[in-house]
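Enquirer: Submitted below is the structure of interest, expressed as structure tokens.
Quick note: the coordinates plus some simple rules give every number you see, no bench work behind them. All values derive from a computational prediction rather than experimental measurement. Heads up, the Cβs are rebuilt from the backbone with ideal geometry, glycines too, and the neighbour counts pull from every protein chain shown.
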Amino acid sequence: MFAPLLLAVALATPPAEPPVRPSVILVTLDTTRADHIGCYGAARAATPTLDALARGGMRFEHALSPAPLTLPAHASLFSGRVPRRHGVRDNAGFRLDPEVPLLAERLAAAGYTTAAFVSAAVLDRDAGLSRGFAIYDDNVRVGDPRAFDYQERAASQTVDAALSRLDALKPPYFLWIHLYDPHLPYVPPEPYASRFPDRPYDAEIAFMDAQLGRLLNALKRSGTTHYVVVAGDHGEGLGEHGEAGHGVFVYQATQRVPLIVTGPGVAPGTTVTSNVGLVDVAPTILDLVKLAAMDGADGRSLVPLIRGARPTPPDYEMETLYPSLAYGWAPLRALCAGAYKYIAAPRPELYELPTDPRETRDLLQPKAPRAAARAAEIAGALDKLTRDDTRIVAADNVSHERRETLSALGYVSAASAPQAGGIDPKDGVKLLADLDAARRAVQLGDPKDAMEPLKRLLAKNPGNVSARLVLGQAQLAAGRADDAIATYREVAAIAPNNALSWFDLGNAYAAKAANDDAAFAEAGRSYERALALQPRGAPTYLNFAALHASRRDPEKARQTLLRARQAGVADPAVETELGVLDMARKDTAGARAAFTRALDLDPRRAEALEGLGRLAYGEKDFAGAAAYYARALDARPLASLAKTLGAIRLYEMNDRAGARAAFERALALTPADDPDAPELRDLLADLQRSP
Ligand SMILES: [Zn+2]
């Protein structure tokens, strides 16, 4: 009788301490197609990190994104809801409803330390995904200037930022890392660019994979028990169906994403082939760490699949409003039901995915009775799911203004009578050659060449907001500020909730504002509208400050940039400008603080290094000044920086060898026909003669 009693006591004794929950690392790979990763069968991929992760855990062969757009897809991943239910239908002009519950909030409430490191401005905290994160590092304007106007940072920079905070994260923690490299433009760093000379997209993926490896190795060394979940947000068209990027279509090229889960209890090297979705990620993570399910999620926990069960998969919805909001075409909706995918478009489509994964054989063209019946069945299910879409878009998540925009673009009416009209994106995509030609002309500095293609396009497609924005840019670049103003006013009327249209309108007025009081006032009003929609829009503050500077009002410029700081903008360009303005008003302490802040955000900001060099020079700290100029020159190879460095070394430090090196650098950076070149050559000859 003795032993069973002991056993009973032992069984009844609770553990002395509640077990610490495992940590969770979520990595989202932007614009990453599953079929460009080695473990998904891409023979020519260089993705050893992801391949090893799949060998150590569970790989989902058919993971589906609900939208081909970064912000809507991420909002689905964190809320477990499809876009029509979380309300973020596009990257621009939408903000997540504060009532929608998010994964990070749930984990934080359960005692997790939460930290996020994102790589692109589209996931700026203003978009609403920062809720629940104690650390939300969206310091993205430090990246390669060739990429997206400084609106993104490279995987190496994001991983560096995360690693610098890793020791401070107390387990259990929830760490989200977002990597953006495979997004356009493809500018892979070496050695990846040379290794994949004709495949820059794959080179970006290889670089990102290597950086992910660096992160995961550091986590392994830290020894915490953790799950790693890696998911793509959407793929990339790469020319399939006529789409280079993503957003226009909902074909598998952009909707099928990688999804890999590893961690305690996940059998290594396993694969699930049935459909799963990004909406399942948040419910799965909560289930893995034994927390209650998400409120109102459309997705389901994949833990039963991880444990070996094979339940019948539900249907998965997809949508894109981008064709409608950007181009004035019909929006698209789709439903994946088992082997079939139905796309609701003006000309609907039906595909059988297992036999036709690239969706090249539309079963409704020509329509066979069996396919028509299957299509009608799935269309009925989709209609039933999305019947209340109008109500949700109109009443819950969207302001009155936004509703008017949507209805002006034909969306809300299209939602109540699905896809009744509008250009089918399959036809519309053929119009985009003219838009691309116009964009190229503006980029190459030939804005007049943009007019003809845009005129042709807008005659066929007057609701194309993107074409009107490019038209405004072309007009402004061609010196036709008044025409640009008229164009942007139209755009702002169609898309009043898009901060970009007000920003562009402000820039058009600013072009005339130097001697025109009315234009100056309108420019200010337009920038204010943009800031009301995007209160942390660093480029808007910078241009607004430049507007005041153009009116010779440096104090107003400074006040505008201080306002940015007060609004929570942490931006290296804003801090650098503040430093320059403080230097001009002889506030050296303020200037030093601002330049130092700029360098905290971006250690290679050349103008801030130069500013600190000038301050040091002013205090006769010549060695300090030379050191700053040398760093500035390393960050940005400019002849002017090299010349100043040479002059300080020669005249203030009597360092002739150092001066020679700097002037040689200056000469190398000076074009041969530049008037400065002979002078530099003479100087170098002098330095060589007298040691
Ligand atoms: Zn994305």
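Enquirer: What does the C-alpha gyration tensor say about the overall shape of region 26-313? Classify as rounded when a/c is under 1.5, otherwise prolate if a/b is larger than b/c, or oblate.
Expert: Here region 26-313 falls in the rounded category.
Enquirer: In region 588-653, what chymotrypsin sites (Phe, Trp or Tyr not before Pro) fall in a loop by DSSP, with at most 10 other Cβ atoms inside 10 Å?
Expert: Sparse-neighbourhood loop chymotrypsin sites (Phe, Trp or Tyr not before Pro): none present.
Enquirer: Using only the Cα atoms of the chain, what semi-axes does the equivalent ellipsoid have when each is the square root of 5 times a gyration tensor eigenvalue? Give whole Å, largest first.
Expert: 46, 35, 25
Enquirer: Pairing the Cα long axis of helix 432-443 with the longest principal axis of the chain, what angle in degrees results, from 0 to 90 and rounded to the nearest 10?
Expert: Tilt relative to the chain: about 20 degrees.
Enquirer: Between Ala567, Pro283, Val465, whose Cα lies farthest towards the positive end of the dipole of the chain when Lys and Arg beta carbons carry +1 and Asp and Glu beta carbons carry -1, centred on the Cα centre?
Expert: Result: Pro283.
Enquirer: Quick one: dipole size for region 26-313, taken about the Cα centre, charges +1 on Lys/Arg Cβ and -1 on Asp/Glu Cβ, in debye to the nearest 20.
Expert: Charge dipole of region 26-313: 900 debye, to the nearest 20.
Enquirer: Percent relative contact order of region 312-368, based on C-alpha pairs within less than 8 angstrom and at least six residues apart?
Expert: 22
Enquirer: Using Cα centres only, tell me the gap between region 607-680 and region 539-570 in whole Å.
Expert: Centre-to-centre (Cα) distance: 30 Å.
Enquirer: So what's region 604-691 giving for Cα Rg divided by 2.2 N^0.38 Å, two decimals?
Expert: Here the Cα radius of gyration is 1.04 times the empirical estimate.
Enquirer: With a cut-off of at most 11 other beta carbons within 10 Å, and DSSP calling the residue loop, which trypsin sites (Lys or Arg not before Pro) in region 550-583 qualify? Please list them.
Expert: Within region 550-583, the qualifying trypsin sites (Lys or Arg not before Pro) (loop, at most 11 other Cβ atoms within 10 Å) are Arg552.
Enquirer: Related question: Subtracting the Cα-Cα distance from 0.36 nm times the residue separation, let me have the gained length for Thr588 to Asp516 in nm, one decimal.
Expert: My answer for the length gained is 22.5 nm.
Enquirer: Could you name the lysines in cross-link range of Lys460, using Cα to Cα under 27 Å and dropping any fewer than eight places away on the same chain?
Expert: Filter leaves Lys426, Lys430, Lys448.
Enquirer: In deg cm²/dmol and to the nearest 500, what is the mean residue ellipticity at 222 nm of the chain if only DSSP H runs of at least 4 residues count, each as -39500 (n - 2.57), divided by the residue total?
Expert: -14500 deg cm²/dmol
Enquirer: Specify the angular offset, from 0 to 90 degrees and rounded to the nearest 10, of the alpha carbon long axis of helix 499-510 from the longest principal axis of the alpha carbons in the chain.
Expert: Computed tilt is about 20 degrees.
Enquirer: Could I ask something else about it? Just the Cα atoms of region 273-344: what Rg and Dmax do they give in Å?
Expert: 15.2, 46
Enquirer: Taking the Cα centre as origin and putting +1 on Lys and Arg beta-carbons and -1 on Asp and Glu beta-carbons, what dipole magnitude results for region 604-691, to the nearest 20 debye?
Expert: Its charge dipole is roughly 280 debye.
Enquirer: Please determine, in degrees from 0 to 90 and to the nearest 10, the orientation of helix 572-584 with respect to the longest principal axis defined by the Cα atoms of the chain, where the helix direction is its Cα long axis.
Expert: Tilt relative to the chain: about 20 degrees.
Enquirer: Additional query: Select from region 42-134 those GluC sites (Glu not before Pro) which occupy a DSSP coil region and have at most 16 other Cβ atoms within 10 Å, ordered by residue number.
Expert: Answer by residue number: Glu99.
Enquirer: Taking the Cα centre of the chain as origin, work out the dipole magnitude from +1 charges on Lys and Arg Cβ and -1 charges on Asp and Glu Cβ, in debye rounded to 20.
Expert: Roughly 900 debye, rounded to the nearest 20.
Enquirer: Still on this structure, please answer the following. Can you put Phe60, Phe196, Phe78 in order of Cβ neighbours within 10 angstrom, beginning with the fewest?
Expert: Phe196, Phe60, Phe78
Enquirer: Sorting Ser222, Ser23, Ser194, Ser156 on the 10 Å Cβ count, fewest up front, what's the list?
Expert: Arranged by neighbour count, lowest to highest, Ser222, Ser23, Ser194, Ser156 become Ser194, Ser222, Ser156, Ser23.
Enquirer: Would you tally the net charge around Pro258, using a Cβ to Cβ cut-off of less than 13 Å, leaving Pro258 out, and scoring K and R as +1, D and E as -1?
Expert: Result for the local shell: -4.
Enquirer: Using the number of other C-beta atoms within 10 angstrom as an exposure proxy, rank Met583, Met208, Met318 with the fewest first.
Expert: Met583, Met318, Met208
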